[in-house]
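Here's the structure we're looking at; comments come further down.
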Amino acid sequence: MRYTAILEKGRESGYVAICPTLRGCVAQGKTKQEALKNLKEAIIDYIECLIEEGIPAPQEVGKKVLEIEVMAH
């Protein structure tokens, strides 16, 4: 399975990684790599819990990414 991860700088320090398809699936770390590693572990745990409950894992379908650069005048 593939899921989108959003990586943001933490408010005070470190980084926060979010998986928007899996509501509430968030992780943090001191570095980008650590935050993404922790998110991967959180996603695995999340999916395993869904399977145990007999709930199908959400799938990302038809997602498109658009990058836009805006320059101030």
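The values are calculated or read from the model by the stated rules, or taken from the named source; none is laboratory data. Everything numeric in this text was worked out from a predicted model, so none of it was measured. Here the Cβ is made from the backbone with ideal geometry for all residues, glycine too, and neighbour counts use every protein chain on show.
Could you tell me whether any residue of segment 32-42 is surrounded by 17 or more Cβ atoms within 10 Å (Cβ to Cβ) and part of a strand (DSSP E or B)?
No, every residue in segment 32-42 fails to be surrounded by 17 or more Cβ atoms within 10 Å (Cβ to Cβ) and part of a strand (DSSP E or B).
List every residue pair whose Cβ atoms lie under 6 Å apart, where the two residues are 6 or more positions apart in sequence or sit on different chains, the first residue falls within segment 51-63 and is surrounded by 10 or more Cβ atoms within 10 Å (Cβ to Cβ), and the second residue, located anywhere, is assigned to a loop (DSSP other than H, G, I, E, B) and modelled with pLDDT under 95.
58/21; 60/21
So which residues in segment 2-21 are part of a loop (DSSP other than H, G, I, E, B) and more than 17 Å from residue 64 (Cα to Cα), if there are any at all?
Of everything in segment 2-21, those that are part of a loop (DSSP other than H, G, I, E, B) and more than 17 Å from residue 64 (Cα to Cα) turn out to be 10, 11, 12, 13, 14.
Which condition breaks for residue 47 when tested against (1) assigned to a loop (DSSP other than H, G, I, E, B); (2) out of contact with any Ser or Thr (no Cβ under 7 Å at 6 or more places or on another chain); (3) within 11 Å of residue 3 (Cβ to Cβ)?
Every listed condition holds for residue 47 apart from (1).
Among the residues of segment 4-32, write down those that are touching a residue at least 24 places away in the same chain (Cβ under 8 Å) and either closer than 27 Å to residue 55 by Cβ or in contact with a Cys (Cβ under 8 Å, 6 or more places away or on another chain) (or both).
Correct list: 4, 5, 7, 19, 21, 22.
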